[in-house]
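The values are calculated or read from the model by the stated rules, or taken from the named source; none is laboratory data. The model shown is predicted, which means the values in this text are computed figures rather than measured ones. Cβ atoms come from the backbone with ideal geometry, glycine included; neighbour counts cover every protein chain shown. Surface accessibility is based on the protein's heavy atoms, side chains included, excluding ligands, DNA and RNA. Shrake-Rupley method; radii C 1.70, N 1.55, O 1.52, S 1.80 Å.
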Amino acid sequence: MAKTWILIKTMLKMQFSTAGKSDMEKVSFGCLFIMVIPFGFFILTMLNSLIGSLYASLSPTENENVILGLLFVSVTIIYIFVTLSTVLSSFYFAEDVESFISLPFQPYQIVMGKAAVPFLSLYGINTILLLPSLLFYGIHSQSTIVYYAFALILWALTPVIPFALTAILVIFIMRFANISKNKDRTKMFMGMLGFLFIIGINIFIRLDSNQNGTGMEEIITEQNGLLDLVTKFFPTAYFSSISLTSPSSLTGVMYLLLVIALTVGGIILFMTVGQQWYFKGVLGLSGGKRSTFKDNQLSKRTRKQPVLKSLFLKEMRTILRTPTFFTQILVQSLFFPVFLVVILLLESSGSLSSLAAGIEGWSAHTTLIVLIAFTILGLGVNPAASSSISRDGKTWFNHLYLPIAARDVINSKLLISFFLNLLSITVISVVILFVLQVSILVWAIWLLASLAISWITSMIGLILDLEQPKLNWTDEREVFKGRMIGLFALAIEALVFAAMLLLLWLVPVFQNLVFSSLFMAFYLGLTLSIGQWYLNKKVKEKYTTLQA
Amino acid sequence: MIELTNLTKTYPGKTAVQSLNLTIPDGKIFGFLGPNGAGKSTTIKMMTGILPMDGGSIQLNGKDISKESIAAKKSIGYVPDRSDIFLRLKGIEYLNFIADVYDVPKEVRETKIPELTKQFGIYDALDDHIQTYSHGMKQKIVVSGVLLHDPDIWILDEPLTGLDPKSSYTLKEMMREHAEKGKIVFFSTHVLEVVEQLCDEVAIINQGKIQFQGNMKEMKQQFKEDDNLERLFLELTQNG
Ligand SMILES: Nc1ncnc2c1ncn2[C@@H]1O[C@H](COP(=O)(O)OP(=O)(O)O)[C@@H](O)[C@H]1O
Ligand SMILES: [Mg+2]
């Protein structure tokens, strides 16, 4: 145990020490922290009133424990997600994995050590999410001191089981699915898995509630009925809720003991699985498949292309072949629209096709504004643009000695973000035309505006990245981690487009589609020209001075 | 022809290259010799347009690198000292990318790519990602890329470090052939022996300043006569 403790301490020290972080990073971290305080305050207030109103509406039917159920279920889902990615990178993809394996430790000790950082981060999230929520519930239900004692214990226990089970799942998959032969492919697979998981859960929950839709009233009037439904797939969430609903009763105590027992069981299972299977999954990592070049490929593979196309393909291949870029850029940029499609399709198939119906009631003018606002948000969060230069890392200097015009390099990067946005735009188009059944005219205007918005957001991201690119990375994740650039980009986009949307909304003459289209064409054209001019200026200033 | 005039570069708190003057005629293998930290890589980075210079000028085949940069860069091929090339590309994709950039005709690609890569023994690996290459293989794919577009000026930064004897021999042969075609081969090294084997002419750089320029015979003469150079000579032979 002493050795495990040493390992854990070392891991934590390595992760959380401030050595090697630049002042810039420290300052921006401090700024972020200060910025978060009012935001956090706002969220907490919202949470409080949400819990309050839910309590008020559910307590007459004695269904108030649904709130607790929902709370435990949602944090469990969130913890599963966070754990999936942190455990994978800590257990399998971190650079230091191999150096620890060569040390004389038992597998379970290494697993415990490697779990320390992800687990502690999970407690951070736990403190932000669950602790205040339980507190608010206690206040609204005018609970006794026993409730708060139980709540504190359950707060401390809740992250353990999702963490342990997810980690076990990951270790299991890595051991048996035999995907670990190729590290890159595994990373991609896991990225996709997370994505599919969210959508899957969504479909599942929705289908389930649709089925039971008719019996809803019955469920609501029956005590604990609603709770059963909500927590069906997460037994610990159910036990925790019951225990907290009647803490001073025997049932409450029994359920609390049950949760404690399950938690201990989870930890033991986690250590056992780690001891058995962790090494077997890790040792297969590294290396890729070798192939032999075929003579008949030569002619096909040596086709002549314009430099811009060649650069574009190089960028695209890099994004598709680098797991971190693939998940952070491609999957992420598609996530928003695809998620939307899934929700809308399911809604409209059930009894709740109210959204389409609601939109039918809107004027074309309102529909257009809402669609455009949504598109701006969807395209604005695409990290392809704000990682344009940083993605190159230490290979950036290759652009400098090759006889390629700066304009071509920059344009190829703009085209990449534009192209990836095009995928999202296509998905949103399908929703607009087939699910929301907006008129072709509105769709066409929206499409043209979206293309311009896509180009503008691409430029904003690129300009910001050009200003202060992160080229000196050793792991691709550093391109995205701890950089404020995505937030900055969103803030600037908000400023740029809010003016346009406000004018469209407020000026009466823009109720007319012809005038609003003309106005948008003018506004977007102007923004585009200013952006292009500023970009050219920045490129002249910075392009040759960027060094890794 | 390469002409460096009063070339100067200062890093914060340190002058890496100071008023450097060099003229290199066509058809020569030119060695740029100096101990670690002498300023060789800094000079080469300025010659290839990677690093902006603080003073002076660089003419490559009559084109100024900072004024007509694209035209000047078209006439050079560069083999960097680090192998940070586009790792996610496959070997063949990298070579075709280079060929696109330098406008190499398709027929030339189809004949030269197999020829060069077979000479280096990396032909079979052309369909693998460069990321999976060893340091030597990366070096070889970059050299293949350079020879594919057959530049008038070939610049190499410490090209022989990390190559096995056979590859080292092949590379030296290629450098000789290139110079025999009337083109310039400019390379840096910290090993005196390499210069003696390979070069027509040599410049010795130390602490950012040129200490000597001339042919091999003159160099040996100077080493005997000049105290400063003799000390440097010892440093360079011990380094190797
Ligand atoms: N990016 C840099 N920042 C500060 N000093 C540098 C940088 N690059 C090189 N130097 C310094 O400039 C001098 C010359 O370096 P370099 O040209 O790399 O030497 P060489 O290639 O001859 O070994 C060295 O003293 C080195 O420390
Ligand atoms: Mg050097």
Note to self: Through the Karplus equation 6.51 cos²θ - 1.76 cosθ + 1.60, θ set to phi - 60°, convert the phi angles of segment B:216-232 into ³J(HN,Hα) values in whole Hz; use x for Gly and Pro.
What the structure shows: 5, 4, 4, 4, 4, 4, 4, 4, 6, 7, 9, 4, 4, 5, 5, 4, 4
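At a probe radius of 1.4 Å, figure out the B/A buried accessible area, summed over both chains, and give it in Å² to the nearest 100.
On the way: alone 11680 and 28640 Å², together 36400 Å².
In total, this chain pair buries about 3900 Å².
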Item checked: Of A:Lys314/B:Lys181; A:Lys470/B:Lys106; A:Lys540/B:Lys9; B:Lys172/B:Lys217, those spanning more than 28 Å from alpha-carbon to alpha-carbon -> A:Lys314/B:Lys181; A:Lys470/B:Lys106
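What share of the DSSP beta bridges in chain B is antiparallel, in percent to the nearest 5? Intermediate results must be reported in sequence, preceding the final value.
Values: 21 of 39 bridges.
Antiparallel: roughly 55 percent of the beta bridges in chain B.
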Next item on the list: May I ask you to give the solvent-accessible area per residue for segment B:82-150, in square angstrom, as obtained with a 1.4 angstrom probe?
Entry: 31 Å²
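Kindly identify the protein assembly as shown as rounded, prolate or oblate by the Cα gyration tensor criterion: order the square roots of the eigenvalues as a ≥ b ≥ c, call it rounded if a/c is under 1.5, otherwise compare a/b with b/c, prolate if a/b is larger, else oblate.
Numbers: a/c = 2.44, a/b = 1.71, b/c = 1.42.
Prolate is the answer for the protein assembly as shown, as a/c is 1.5 or above and a/b outweighs b/c.
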Margin query: A 28 angstrom limit on the alpha carbon distance is what I want to check against. Which of A:Lys232/A:Lys481; A:Lys300/B:Lys140; A:Lys304/B:Lys118; B:Lys40/B:Lys220; A:Lys413/B:Lys74; A:Lys309/A:Lys538 exceed it?
Written below: A:Lys232/A:Lys481
Next item on the list: Using θ = phi - 60° and the Karplus relation 6.51 cos²θ - 1.76 cosθ + 1.60, list the HN-Hα couplings for segment A:415-428 in order, rounded to whole Hz, with x at every Gly or Pro.
Entry: 4, 4, 5, 4, 5, 5, 4, 4, 4, 4, 4, 4, 4, 4
Margin query: Residue by residue through segment A:519-532, what is 3J(HN,Hα) from phi via Karplus (6.51 cos²θ - 1.76 cosθ + 1.60, θ = phi - 60°)? Round to whole Hz and write x for glycine and proline.
Written below: 4, 5, 4, 5, 5, 5, x, 5, 4, 4, 5, 4, x, 4
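Which order do you get for A:Met46, A:Met11 if you rank them by accessible area with a 1.4 Å probe, largest at the top?
Working: A:Met46 105, A:Met11 15 Å².
Largest to smallest exposure gives the sequence A:Met46, A:Met11.
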Next item on the list: Kindly list the residues of segment A:477-506 that lie in the label zone of A:Trp362, defined by a backbone N under 16 Å from the point 7 Å along the Cα-to-C-beta vector.
Entry: A:501-506
Check: What is the distance, in nm, between label points placed 7 Å from the Cα along the Cα-to-Cβ direction at A:Phe434 and at A:Leu12?
Finding: 5.3 nm
Check: In segment B:28-100, what is the volume of the convex hull around the alpha carbon atoms, normalised per residue and reported in Å³?
Finding: 138 Å³
Notebook entry, point to check: What residues have an amide H closer than 5 Å to that of B:Phe186, excluding those fewer than 5 places away on the same chain, when H is modeled at 1.01 Å from N in the peptide plane?
Noted result: B:Phe30, B:Trp154, B:Ile155, B:Leu156
Next item on the list: Give me the accessible area of B:Tyr169, 1.4 Å probe, in Å² rounded to the nearest 10.
Entry: 140 Å²
Next item on the list: May I ask you to give the percent of accessible area on the protein assembly as shown that is carbon plus sulfur, with a probe radius of 1.4 Å?
Entry: 64 percent
Notebook entry, point to check: For the residue pair B:Thr111 and A:Leu196, what label-to-label distance in nm results when each label sits 7 Å from Cα along the Cα-to-beta-carbon direction?
Noted result: 5.0 nm
Note to self: In segment A:307-545, if the dipole is taken from +1 on Lys/Arg beta carbons and -1 on Asp/Glu beta carbons about the Cα centre, which of A:Asn472, A:Leu400, A:Trp533 is farthest to the positive end?
What the structure shows: A:Leu400
Next item on the list: Starting from the amide H of A:Lys470, placed 1.01 Å from N in the peptide plane, find each other amide H under 5 Å away whose residue is 5 or more places distant or on another chain.
Entry: A:Ser390
Notebook entry, point to check: For segment A:384-533, with every protein chain kept in place, what is the accessible area per residue (1.4 Å probe, Å²)?
Noted result: 41 Å²
Check: Residue farthest toward the positive end of the dipole of the protein assembly as shown, with Cβ of Lys/Arg at +1 and Asp/Glu at -1: which of B:Leu147, A:Gly69, A:Leu420?
Finding: B:Leu147
Next item on the list: Apply the Debye scattering formula to segment B:82-150, with a single equal point scatterer on each alpha-carbon and no solvent, then give log10 I(q)/I(0) at q = 0.14, 0.16, 0.19, 0.25 Å⁻¹.
Entry: -0.34, -0.44, -0.64, -1.12
Checklist line | Point-to-point label distance, B:Lys209-A:Met316, nm (Cα→Cβ direction, 7 Å offset) | finding: 5.5 nm
Notebook entry, point to check: Taking amide hydrogens as modeled 1.01 Å from N in the peptide plane, which residues meet the under 5 Å criterion relative to B:Asn206, leaving out close sequence neighbours?
Noted result: B:Gln211
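With every protein chain left in place, what is the accessible area per residue of segment B:166-235 in square angstrom, probe 1.4 Å?
Details: 3670 Å² over 70 residues.
With all protein chains present, segment B:166-235 gives 52 Å² per residue.
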Next item on the list: Please report, in debye to the nearest 20, how large the charge dipole of segment B:128-240 is about its Cα centre when each Lys and Arg carries +1 at its beta carbon and each Asp and Glu carries -1 there.
Entry: 200 debye
Notebook entry, point to check: Does segment A:49-97 classify as rounded, prolate or oblate by the C-alpha gyration tensor (a ≥ b ≥ c root eigenvalues; a/c under 1.5 gives rounded; else a/b over b/c gives prolate, otherwise oblate)?
Noted result: prolate
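Can you tell me the length gained on complete extension of the stretch A:Val36 to A:Leu377, counting 0.36 nm per residue apart and subtracting the Cα distance? Could you put the intermediate results ahead of the total?
Details: separation 341, 0.36 × 341 = 122.76 nm, distance 2.03 nm.
Full-extension gain reported as 120.7 nm.
For A:Lys280 and A:Thr61, calculate 0.36 nm times their separation in residues minus their Cα-Cα distance, and state this gained length in nm to one decimal. Working shown, then result.
Values: separation 219, 0.36 × 219 = 78.84 nm, distance 5.28 nm.
73.6 nm is the gain from fully extending A:Lys280 to A:Thr61.
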Margin query: So if I place +1 on the C-beta of Lys and Arg and -1 on the C-beta of Asp and Glu, and nothing else carries charge, what would the dipole magnitude of the protein assembly as shown be about its Cα centre? I want it in debye, nearest 20.
Written below: 860 debye
